[in-house]
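Below is one structure; the comments refer to it alone.
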Amino acid sequence: MMTLLVLAVFCSMAGRTVFAPLMPALQTELGFGLSAAGTLFLLVSIGYGGAMLASGFLAARVGHGKTIVAALAIITVGLGLAALTSRVWLLAVSMTLIGAGAGTYPPSGLVMISDAISVERRSTAFALHEVGPNLALLLSPLIVLAFEPVLGRRGVLAAFALLSALAAAAFLRWGVSGSGRGTAPRLSTVASILRQRNTLPGMVILSAAIAGMHGVYSILPAYLVADHGLPVDRVNLLLAVSRITGIALLLRAGAVINRIGRRPTMAGGLIFSAAFTAAIGLARGTLLTVVVIAQPALLTALFPAALSSMALIGDPRQGNITYGLIITVGIGIGAGIAPALLGLFGDLGLGWAGFLLLGAYMLFAVGLLWSTPGFGHDPRPHTR
């Protein structure tokens, strides 16, 4: 199960992240600026959020396994359309479709882990699951760097579409049986979850982490090329190198969380990343290279801590709805509004201010975490 879920979430993330290293080429070919690039990533988040909120209806009807198959199929269609199009509006449609497919996955995939894995081992399972998206963040720029000069952006997108199609076929063959069914969302259920004291902190903390991890990743190539004049190949290599530490940390994230607790893990990751996110707007030359590499380094350990904390909010039988609500807001702000605003600030010549404001938002999330002691609280004594 875990192998199939890691493959599925890799394809879900790769379908979105491949556009970041391709964005300078797309801007040149289709003729649009930083603010339009940020808006395209906002459309991905809109598709993501809408599909995530509706995915419970599908999971309740066909089960979690077939819902994930449908998610991968939608991503395949979106990538195929993006490979064929030569118009900005069709690119926008395709990226919205990819976002919708990606948004259909998390409630079912995360609930499958929560249902199958004990509380004691859940943080480790979520850490293993997070290898998938972080591997996509690492490999996407390397694949673009290696194959875009040969295949062009169309060939790269077509190859990612083929991979998603194969993943859908594999999940249909081996991942559907025994996957369980979800709960269809109702207004009363949604209202009950929103009234939980830990729901709002979960939304803010996750959105800050996603903004630091994915929002910055989305706009950084276009920003570094436009504002700092760096070569595209160097930017994509730098983007890939910046993800290596995070993947290495994930291999020990479960042990780290079990040792120091969820709350210190989340706070430490946010404080570290906030400092380096703000520094992106101020650094130049060699220091900028160091800052870009360090900025996401500790955030990867935050996600399994946050996801396992969310599993404790409300009724476990409504877990897919809880995940859906919190992640929808997190993605909407972190991977939608954040890169859109960073792109707008960049076009106004104030790119540095955008990164400073994002760092401040991450520190605000830390303050909210410490003012809500119930979120991420682990009643079990930690190993010393």
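The values are calculated or read from the model by the stated rules, or taken from the named source; none is laboratory data. What you see is a predicted model, and the numbers here were worked out from it, not measured in a lab. A quick note on method: Cβ atoms are made from the backbone with ideal geometry, for glycine too, and the neighbour counts reach across all protein chains shown.
A few notes on this one:
- Candidates are the residues of segment 254-267 that are among the aliphatic types (A, V, I, L, M) and surrounded by 23 or more Cβ atoms within 10 Å (Cβ to Cβ); the one that is modelled with the lowest pLDDT is I257.
- Residues that are surrounded by 20 or more Cβ atoms within 10 Å (Cβ to Cβ), closer than 21 Å to S94 by Cβ and in contact with an Asp or Glu (Cβ under 8 Å, 6 or more places away or on another chain) do not occur anywhere in segment 42-55.
- Count of segment 281-310 residues which are within 20 Å of the chain's Cα centre (by Cα) and either of a type in the set (V, I, T) or in a loop (DSSP other than H, G, I, E, B) (or both): 7
For every residue, the table says whether it meets (1) modelled with pLDDT of 90 or more; (2) touching a helix residue (DSSP H, G or I) at 6+ places or on another chain (Cβ under 6 Å).
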{"site": "F272", "(1), (2)": "yes, no"}
{"site": "I280", "(1), (2)": "yes, yes"}
{"site": "G285", "(1), (2)": "no, no"}
{"site": "G324", "(1), (2)": "no, yes"}
{"site": "I333", "(1), (2)": "yes, yes"}
{"site": "A338", "(1), (2)": "yes, yes"}
{"site": "L344", "(1), (2)": "no, yes"}
{"site": "G359", "(1), (2)": "yes, yes"}
{"site": "S371", "(1), (2)": "yes, no"}
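- Checked against (1) surrounded by fewer than 24 Cβ atoms within 10 Å (Cβ to Cβ); (2) part of a helix (DSSP H, G or I); (3) not acidic (D, E), T67 passes all but condition (1).
- Within segment 1-51, if we keep just the residues that are among the hydroxyl-bearing types (S, T, Y) and in contact with a Phe, Trp or Tyr (Cβ under 8 Å, 6 or more places away or on another chain), the residue that is farthest from L341 (Cα to Cα) turns out to be S12.
- Residues of segment 163-198 classified as touching a Leu at 6+ places or on another chain (Cβ under 6 Å) and polar (S, T, N, Q), total: 1
- Residue in segment 150-159 that is surrounded by fewer than 24 Cβ atoms within 10 Å (Cβ to Cβ), under 28 Å from P304 (Cα atoms) and at pLDDT 90 or above present: no
- Restricting L135, L151, L139, L145 to those that are more than 20 Å from P107 (Cβ to Cβ), without any contact (Cβ under 8 Å) to a residue 24 or more places away in the chain and in a helix (DSSP H, G or I) reduces the list to L151.
- Test: residue in segment 333-352 that is touching a Leu at 6+ places or on another chain (Cβ under 7 Å) and either among the aromatic types (F, W, Y) or outside any helix (DSSP H, G or I) (or both): yes
- Scanning segment 110-119 for residues that are outside any helix (DSSP H, G or I) and in contact (Cβ under 8 Å) with a residue 24 or more places away in the chain turns up nothing.
- Residues (of a type in the set (A, V, I, L, M, F, W, C), in contact (Cβ under 8 Å) with a residue 60 or more places away in the chain and buried (at least 20 other Cβ atoms within 10 Å of the Cβ)) located in segment 280-295: I280, V292
- The residue list A60, A14, A92, A54 contains one member that is among the small types (G, A, S), under 21 Å from the mean Cα position of the chain (by Cα) and modelled with pLDDT under 90, which is A54.
- All conditions but one from (1) under 23 Å from the mean Cα position of the chain (by Cα); (2) closer than 18 Å to L138 by Cα; (3) surrounded by fewer than 17 Cβ atoms within 10 Å (Cβ to Cβ); (4) not polar (S, T, N, Q) apply to L220; the one that does not is (3).
- Within the option set L194, L251, L200, L238, being surrounded by fewer than 19 Cβ atoms within 10 Å (Cβ to Cβ), at pLDDT below 85 and not basic (K, R) holds for one residue only, L251.
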